[in-house]
Amino acid sequence: MLRFFILFLLCASLFGAEVERYRWINGETYLVFLEKNNLPTKELYYNLDTEDQRLTEELLTGINYQVAKSAKGEIEQILLPLNDELQIHIYKEEDKYKFEAIPIIATTETETFSVIMQQSPIGDIVRETGSKKLAQIFATSFKNSLNFKTGIKPGDTLVMIYEQKYRLGKPFSIPSLKAAMVEVSGKKNFIYLNDDEKYYDEKGSQAEEFLLGRPIAGARMTSPFTKKRFHPVLKKWKAHLGIDYGARPGTPVFAAGDGFINYAANAGSYGNLIRISHTDGFETRYAHLKSFKNGVRKGKNVKKGEVIAYVGTTGRSTGPHLHFELRKKGVAINPLNVVQVATVNLQGKQKAAFDRLAKNYNEKIESHLNNKPEYQKPRKTRAKCYFYNETPPPEEEEAENS
Ligand SMILES: [Zn+2]
């Protein structure tokens, strides 16, 4: 019960009313909600126009909403957020309940957070902040450009600058990542949200177009990339300049990125092989294929994610698998470490503006690292009351940890 019903005295002065905070229960519909609260379905649903009725279908499981009740326990007002900008406002006027959709008033704070890695970025962010959302936005922004699993070592540092919206004094909606720095084995990697709403790395290269590190679905890695490995039985150094993905014969193989096929034929120990040229001198190779997709031949342009072939065990292969390689100007690199291809590079005025923006963020990151302030959870922000006709509440300590 406590999970869904968290009382906090936010607008205690509101006509002697109390505001209660609830969480929208899984699967609850707006109509059921009205009935449960003895609210009139005619005024608050059936009499609404179609557009307003449709809005009531937008209520999402897990949202927090507020109910203000009179001293007698009657519902005075309800605020039901529909997204991060709009909310349903149910209120009482001359003893009748009314419905309106109104903008959400939120304040936005820019916050900085840093953590020294212990296990994984995701786990460490959640442990430090208790926020899965922060971990999520971090992971998605760097997802395809860095491989956290193998690259990040304990002791590496991560810094995030992000904007967090607050509604009624509580963190609200998905934070927006403005800049981040993450060390991978001591090497600093940056990402910045530019004015064009796209992420760029420290060189001003757009970091949103990528090669896939795993151009096959439902396969598991059976042999990792290694530049040199001492084979304990054969007693010699070996290399595996690609990644093997074990999969059933016939499993579709995708093009890891946009490009054109520069080779599609048998190639000795590679068996049936496809090679695709990408921008910036990158090339991907797909070996031991059973067959090529109809129409796939040398010279053909392909799109990222397009099916090009099927898993087999042709050439020197002990069982059905895809051998996948990534090369830059001929040199083999681990596809899981470097799968980012810069497709857009900022230039001229745009580059200069971006450099200023990046410099500004770098200073913030620097100063944060120098000062190492502790992360505060929950954030100490003054709760604002946005209910109708409210008078500002006295400063009150929040009783909740969320
Ligand atoms: Zn292999």
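A cut-off under 15 angstrom between Cβ atoms defines the neighbours of ASN301, and their net charge, with Lys, Arg +1 and Asp, Glu -1, is +4.
Per-residue packing, averaged as other Cβ atoms within 10 Å, sorts the ranges 251-258, 47-54 into the order 251-258, 47-54, beginning with the highest.
Summing +1 for each Lys or Arg and -1 for each Asp or Glu, what net charge is found among the other residues whose Cβ lies under 15 Å from the Cβ of ALA219? Local net charge: +3. Only Cα pairs under 8 Å and 6+ residues apart enter the sum, and on that basis the relative contact order of the stretch 220-333 stands at 30 percent. Relative contact order of the stretch 148-204: 28 percent, from C-alpha pairs under 8 Å at least 6 residues apart in sequence.
Seen from ALA135, the other residues with C-beta closer than 10 Å to its C-beta sum to a net charge of +1, counting Lys and Arg as +1 and Asp and Glu as -1.
Under the simplified labelling scheme, the ASN83-ASN37 pair shows an inter-label distance of 2.2 nm, with each label point 7 Å from Cα along Cα→Cβ. Going from the fewest other Cβ atoms within 10 Å to the most, the residues LEU168, LEU59 appear in the order LEU59, LEU168.
Under 15 Å of direct C-alpha separation, and excluding same-chain neighbours fewer than eight residues apart, LYS293 reaches these aspartates and glutamates: GLU306. Extension gain, THR157-ASN47: 0.36 nm per intervening residue step, less the Cα-Cα distance, totals 34.0 nm. List the aspartates and glutamates whose Cα sits under 17 Å from the Cα of LYS198, skipping any in the same chain fewer than 8 residues away. Straight-distance partners of LYS198: GLU163, GLU208, GLU209, ASP355. Computed extension length for GLU58-VAL126: 21.7 nm, one decimal, from 0.36 nm per residue of separation with the Cα-Cα distance subtracted. Straight-line cross-link partners of LYS238 among the lysines, defined as a Cα under 28 Å from its Cα and at least 8 positions apart when in the same chain: LYS149, LYS153, LYS187, LYS227, LYS228, LYS290, LYS328, LYS329.
As a footprinting exposure proxy, order LEU31, LEU55, LEU60, LEU326 by other Cβ within 10 Å, with the fewest listed first. Lowest to highest Cβ neighbour count: LEU60, LEU31, LEU55, LEU326.
The GluC sites (Glu not before Pro) of the stretch 89-144 that DSSP puts in a loop, and whose beta carbon has at most 11 other beta carbons within 10 Å, are GLU94. Stretching LEU369 away from GLU197 to a fully extended chain increases their span by 59.4 nm, per 0.36 nm per residue minus the current alpha-carbon distance. With neighbour counts taken as other beta-carbon atoms within 10 Å, the residues TRP24, TRP237 rank, fewest first, as TRP237, TRP24.
Computed from the coordinates by the stated procedures, all read-outs in this text should not be read as laboratory data. Note that the structure is predicted; figures quoted are calculated from it, not measured. Heads up, the Cβs are rebuilt from the backbone with ideal geometry, glycines too, and the neighbour counts pull from every protein chain shown.
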